[in-house]
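Colleague: Please see the structure below; I have some questions.
The values are calculated or read from the model by the stated rules, or taken from the named source; none is laboratory data. These numbers come from a predicted model, not from an experiment. Here the Cβ positions follow ideal geometry from the backbone for every residue, glycine too, while neighbour counts run over all protein chains shown.
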Amino acid sequence: MTAKKQVEGIIQLHNLYTRLESVLPMPEPGTRVEIDLGCGDGEFAIALAERRSDVYVIAADMLLGRVRKVQKRVLRDHLTNLHVLKTESRVLISRTIPDGFADRVNLLCPDPWPKEKHRSHRLITSDVMTHFARILKPGGVFHFSTDNTEYLEIADHAVNASGLFAPSDTALIADVADIKTGFELLWESEGKTVTHRAWRKL
């Protein structure tokens, strides 16, 4: 199969129940698993996969152009530990990822949907916290970042109100603190502050 056909053959998950093992090779027991939701151009997932060849990484985004870009890097750099999915984050965490699968879920600089009429599109809600807790291993970590102060407050409230996570401790993400997404670099270049939170599943 040519690289072009492989890129065009990206795995796409739709709004249906799909078992992850039916679309991806499963990691060996005991393997560390990281999920990058809304991965954008994949800067975080690619850097992590390159740094830790022993880590099983899933990068997911709903925009085909972004997913193609990540998949091209996977093929070019032979990143056998990085798996790319075209899917909406809610579908992935609620209908595809099995229980207790991930060591860390990363949601970095997601669209804050600041307009009132678009706020229903925000991923961070109270019910989504139950999905994050379900797919994380015992002691697993939810890593979130944003430049939007209102969205940060919403995330803090949703996570803390769920009662499913311990208070934020950025020591939980010290190993990836130097990896920045394209959006984080852009916001910082504009003088904005990007704040990171890391909560451990109770």
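Colleague: Quick check on my filter: what residues within segment 143-202 are out of contact with any strand residue (DSSP E or B) (no Cβ under 7 Å at 6 or more places or on another chain) and aromatic (Phe, Trp, Tyr)?
Modeller: Listed by number, the residues that qualify are 151, 183, 187.
Colleague: Hey, among 105, 159, 84, 91, which residue is of a type in the set (Val, Ile, Thr) and more than 27 Å from residue 51 (Cβ to Cβ)?
Modeller: Numbers: 105 fails: more than 27 Å from residue 51 (Cβ to Cβ); 159 fails: more than 27 Å from residue 51 (Cβ to Cβ); 84 fails: more than 27 Å from residue 51 (Cβ to Cβ).
Just one listed residue meets the conditions, 91.
Colleague: Would you pick out the residues in segment 178-202 that are among the small types (Gly, Ala, Ser) and within 15 Å of the chain's Cα centre (by Cα)?
Modeller: First, pick out the residues of segment 178-202 that are among the small types (Gly, Ala, Ser): 182, 189, 191, 198.
Hits for segment 178-202 are 182, 198.
Colleague: Any idea which residue in segment 161-180 is farthest from residue 35 (Cα to Cα), counting only those that are in a loop (DSSP other than H, G, I, E, B) and in contact with a Ser or Thr (Cβ under 8 Å, 6 or more places away or on another chain)? Show your work before the answer.
Modeller: Start the filter on segment 161-180 by keeping residues that are in a loop (DSSP other than H, G, I, E, B), which leaves 163-164, 166-169, 177-180.
Now narrow it down to the ones that are in contact with a Ser or Thr (Cβ under 8 Å, 6 or more places away or on another chain): 164, 177.
On the way: 164: 19, 177: 16 Å.
The selected residue is 164.
Colleague: Here's something else I'd like to know. For segment 15-41, how many residues are of a type in the set (Val, Ile, Thr) and surrounded by fewer than 20 Cβ atoms within 10 Å (Cβ to Cβ)?
Modeller: Number of matching residues: 3.
Colleague: Kindly provide the set of residues from segment 42-88 that are surrounded by fewer than 22 Cβ atoms within 10 Å (Cβ to Cβ) and at positive phi, ordered by number.
Modeller: Correct list: 78 only.
Colleague: In segment 136-151, what count of residues is obtained for those that are more than 18 Å from residue 57 (Cβ to Cβ) and buried (at least 18 other Cβ atoms within 10 Å of the Cβ)?
Modeller: Going through segment 136-151 one residue at a time, the tally reaches 4.
Colleague: Looking at segment 7-44 only, could you name the residues that are without any contact (Cβ under 8 Å) to a residue 60 or more places away in the chain and of a type in the set (Gly, Ala, Ser)?
Modeller: Selection gives 9, 22, 30, 42.
Colleague: Among the residues that make up segment 152-166, is at least one of them buried (at least 19 other Cβ atoms within 10 Å of the Cβ), more than 22 Å from residue 43 (Cα to Cα) and of a type outside the set (A, V, I, L, M)?
Modeller: yes
Colleague: Any idea which of 103, 111 is closer than 17 Å to residue 33 by Cα, touching a Lys or Arg at 6+ places or on another chain (Cβ under 9 Å) and of a type in the set (Asp, Glu)? Walk me through it before giving the result.
Modeller: Values: 111 fails: closer than 17 Å to residue 33 by Cα.
From the options 103, 111, the qualifying one is 103.
Colleague: Also: Give me the strands (runs of 3 or more DSSP E) completely within segment 51-112, filtered to those with at least 2 residues that are within 23 Å of residue 145 (Cβ to Cβ) and touching a His at 6+ places or on another chain (Cβ under 9 Å), ordered by residue number.
Modeller: Qualifying strands (runs of 3 or more DSSP E): 56-61, 102-108.
Colleague: Continuing with the same structure: Inspect all residues belonging to segment 98-109 and state whether any of them is modelled with pLDDT under 95, touching a helix residue (DSSP H, G or I) at 6+ places or on another chain (Cβ under 8 Å) and surrounded by 15 or more Cβ atoms within 10 Å (Cβ to Cβ).
Modeller: yes
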